[in-house]
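The values are calculated or read from the model by the stated rules, or taken from the named source; none is laboratory data. In this text the structure is predicted, and so the values were computed from the model without any measurement. Neighbour counts run over all protein chains shown; Cβ positions are idealised from the backbone, glycine included. Just the protein is used for accessible areas: all its heavy atoms, side chains included, with ligands, DNA and RNA removed. Shrake-Rupley method; radii C 1.70, N 1.55, O 1.52, S 1.80 Å.
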Amino acid sequence: MLKPLGDRVVVKPVTAEEKTEAGIVLPDTAKEKPQEGEVIAVGPGRMLDNGNRVAPEVKVGDRVIFAKYSGTEVKIGGQEYLILRESDILAIRQ
Amino acid sequence: MLKPLGDRVVVKPVTAEEKTEAGIVLPDTAKEKPQEGEVIAVGPGRMLDNGNRVAPEVKVGDRVIFAKYSGTEVKIGGQEYLILRESDILAIRQ
Amino acid sequence: MLKPLGDRVVVKPVTAEEKTEAGIVLPDTAKEKPQEGEVIAVGPGRMLDNGNRVAPEVKVGDRVIFAKYSGTEVKIGGQEYLILRESDILAIRQ
Amino acid sequence: MLKPLGDRVVVKPVTAEEKTEAGIVLPDTAKEKPQEGEVIAVGPGRMLDNGNRVAPEVKVGDRVIFAKYSGTEVKIGGQEYLILRESDILAIRQ
Amino acid sequence: MLKPLGDRVVVKPVTAEEKTEAGIVLPDTAKEKPQEGEVIAVGPGRMLDNGNRVAPEVKVGDRVIFAKYSGTEVKIGGQEYLILRESDILAIRQ
Amino acid sequence: MLKPLGDRVVVKPVTAEEKTEAGIVLPDTAKEKPQEGEVIAVGPGRMLDNGNRVAPEVKVGDRVIFAKYSGTEVKIGGQEYLILRESDILAIRQ
Amino acid sequence: MLKPLGDRVVVKPVTAEEKTEAGIVLPDTAKEKPQEGEVIAVGPGRMLDNGNRVAPEVKVGDRVIFAKYSGTEVKIGGQEYLILRESDILAIRQ
């Protein structure tokens, strides 16, 4: 599996159909179409100037919304993942 | 519902007609047309370099004015929301 | 009324005629034509990296000069206001 | 008169003829033609991240040299002034 | 051999075929095609503003994923290496 | 004479012929042609975020090498000077 | 000779032929062709925000690899040198 570094988070993107059932539809018109996905792995968090790390606000299993063009795509065993920075994540679906 | 991360704020935009009743009309001529909306959810606040968080100045229910092209649109159960950074919010309507 | 956030300031712009009586004429030739106005409301001030706020140097009622293209226009009850950052304000007219 | 904010300085530009008598001629060829002027008013100084202000190095009456395209022009009672940042000032003529 | 400075890391890129056996296939469609490789040497780590170094999260022998266009190519004794910054590395394959 | 502010340094550029005698010839081919000159005046030094000044590494009389397009030209009593930032100076000729 | 300031380093570039004997061949295809050279002089090191200097990681005589287009060329007594910032140096050849 993937162990993200620093403030990075591995997310399994939720496809469009699943999204409608989950209730979030991202308006096509929106200049930036945020996406939704499930958190698979979380890094140790961002390093501050004073050498301390910021504990991540998300955890494995969270359903999150993030900006469409953020992160880097990686395919492992046929499944596509996105490696994001935590600052790309806008909110957690509760 | 949505739980915003860091310094983000979820706002329900107020449509043009509601705005006239509320008294704020945003001049079309203005290079940047600020918008108005109601705060639905507020994140924990911005993280400073020293590891402390800045308590947000806005709270749920506040009527706020923000810059037109800021934030990311999200639709939940047919209702459109904007996920902004607190620094996109210019003022609170009192 | 408007309660500005952080280092923002609400200013009521002074129109050209009023300016001549007040003595400040902004040369058209200037690459950037500063403007003049009256401070209507002042935010709590800029947040520093150490978590302290910088007390604003301007106060309600001050007559200030600011750079022409700064800030965001807002109309309330027919009156136009500008929401500026304090750093857009160049000087106070005494 | 004008009371500059933060690290700003109000300067009365010296016209070309006066400059020759004062000895400084700015070569037209220079990509950036610095200008000369007299300091009329000085702000409280730049605010550092730690909340302290840096005492300005210039004072009223100093004859200073600054970069040609810096600052904002303001006309008061027919006299033209430049509102600069202290960092636009290169040197003091002694 | 190469001793990287600061936060740099020397990686031996894994060619496409090896990648399929290792299970990671990088989708061509992806705007940015991350790459995979083995860590050969690690620098002392990034220097913070306070003068302390951040201990690197990767070690020699780790299998890592990094953004396609990051780093600088170097050939030593016929073998090609990439000198990356640690922040170019997205995750460790476990 | 000129008293430079902050981290600025006043240099009297050395013309091409003098340079050959001094041994430094700046290759025309070089994308950036560094120049050489003599230090005439040195400012108090750069201000750090903590309010302390960094003592300049150059002193009056030093022969220095700096990047060609850096600084601002000033002519005083017919003599041309360059007002540089200390960070534009690459090295001292010993 | 040259005494570099701050975090600068003077390097004598190694020509292509010497490089083959030393074993490092820089692939022409590489977007950025790093170069190799010998360290001739090292500055006191980078100044941090807290006023301390970072001791350089390279020393006179080290064989180093650096990015092709970094630094400024200087010719002294017919010999060409490069004045780099230490951060332009990728690794030390051991």
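If the condition is being facing chain F (nearest Cβ under 8 Å) and polar (S, T, N, Q), then the range G:35-50 contributes only G:ASN50.
Total residues in the range F:56-74 satisfying the condition of being touching a Gly at 6+ places or on another chain (Cβ under 9 Å) and farther than 16 Å from D:GLU57 by Cβ: the figure is 5. Looking only at the range B:51-94, residues that are without any contact (Cβ under 8 Å) to a residue 12 or more places away in the chain, within 14 Å of chain A (Cβ to nearest Cβ) and open to solvent by 60 Å² or more (accessible area, probe 1.4 Å) come to 5 in all. When only residues in the range B:1-23 that are within 15 Å of the chain's Cα centre (by Cα) and within 14 Å of chain C (Cβ to nearest Cβ) count, which is modelled with the lowest pLDDT? Among residues in the range B:1-23 that are within 15 Å of the chain's Cα centre (by Cα) and within 14 Å of chain C (Cβ to nearest Cβ), the one modelled with the lowest pLDDT is B:LYS19. Hey, can you tell me all the residues within the range C:38-71 that are at pLDDT below 95 and farther than 25 Å from D:LEU48 by Cα? Within the range C:38-71, C:LYS68, C:TYR69 qualify.
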